[in-house]
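Chemist: Shown below is the structure under consideration.
The values are calculated or read from the model by the stated rules, or taken from the named source; none is laboratory data. Only a predicted model underlies this, so the values are computations on that prediction, with no experimental measurement involved. Cβ placement follows ideal geometry from the backbone for every residue including glycine, while neighbour counts extend to all protein chains displayed.
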């Protein structure tokens with residue numbers, strides 16, 4: 001059974017799912033176009049050529065090709081050749097992408113923020129400042145939560161491997 005892809009991507013549920021996938025992937029550091037293409041490939045009922053992706057997304061062929069290359073480097077997309085045409089399909093990896101987030105947030109944002117808040121405390125002698133203490137406690141709580149998330153995700157990963 002062959003399906004009209006343009007019509008498929010107009011189905012309300014498919015549009016909503018694509019919107020949610022794009023929003024998630026954007027939150028996780030992917031550009032809008034990367035998220036859109038990866039989402040389209042995840043939801044597509046069949047592998048898509050770069051020309052089909054270009055037509056369905058409204059993006060130029062060169063933009064689509066560049067993004068497909070990036071997604072391949074991230075091990076999110078694979079392809080097979082049929083004649084002279086490459087057909088792309090997504091490798092479902094949402095769990096793996098999600099699992100990287102707590103560590104990245106901790107290392108890139110929360111740990112440096114905690115160090116800076118502590119340095120401000122020392123430099124400006126804010127021992128008696130209640131707002132400072134609440135802010136530091138909040139940042140420390142966030143760090144502990146992220147560390148716990150990382151532990152849980154690592155335990156889950158180990159269970160999946162065994």
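Chemist: Is it fair to say residue 115 is over 25 Å from the mean Cα position of the chain (by Cα), part of a helix (DSSP H, G or I), surrounded by 11 or more Cβ atoms within 10 Å (Cβ to Cβ) and free of Cβ contacts under 8 Å to residues at least 12 places away in the same chain?
Modeler: Criteria met by residue 115.
Chemist: Across region 23-34, which residue is farthest from residue 87 (Cα to Cα) among those that are in contact (Cβ under 8 Å) with a residue 60 or more places away in the chain and assigned to a helix (DSSP H, G or I)?
Modeler: It comes out as 24.
Okay, residues lined up against (1) free of Cβ contacts under 8 Å to residues at least 40 places away in the same chain; (2) under 22 Å from residue 153 (Cα atoms); (3) in the same structural domain as residue 152 (by TED's automatic domain parsing); (4) in contact with a helix residue (DSSP H, G or I) (Cβ under 6 Å, 6 or more places away or on another chain):
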position: 13; (1), (2), (3), (4): yes, no, no, no
position: 36; (1), (2), (3), (4): yes, no, no, yes
position: 47; (1), (2), (3), (4): no, no, no, no
position: 50; (1), (2), (3), (4): yes, no, no, yes
position: 60; (1), (2), (3), (4): yes, no, no, no
position: 67; (1), (2), (3), (4): yes, no, no, yes
position: 85; (1), (2), (3), (4): yes, no, no, no
position: 101; (1), (2), (3), (4): no, yes, yes, no
position: 107; (1), (2), (3), (4): yes, yes, yes, no
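Chemist: For region 72-89, indicate whether the set of residues that are on the phi < 0 side of the Ramachandran plot and part of a helix (DSSP H, G or I) is non-empty.
Modeler: Checked against the condition, which is being on the phi < 0 side of the Ramachandran plot and part of a helix (DSSP H, G or I), region 72-89 yields at least one hit.
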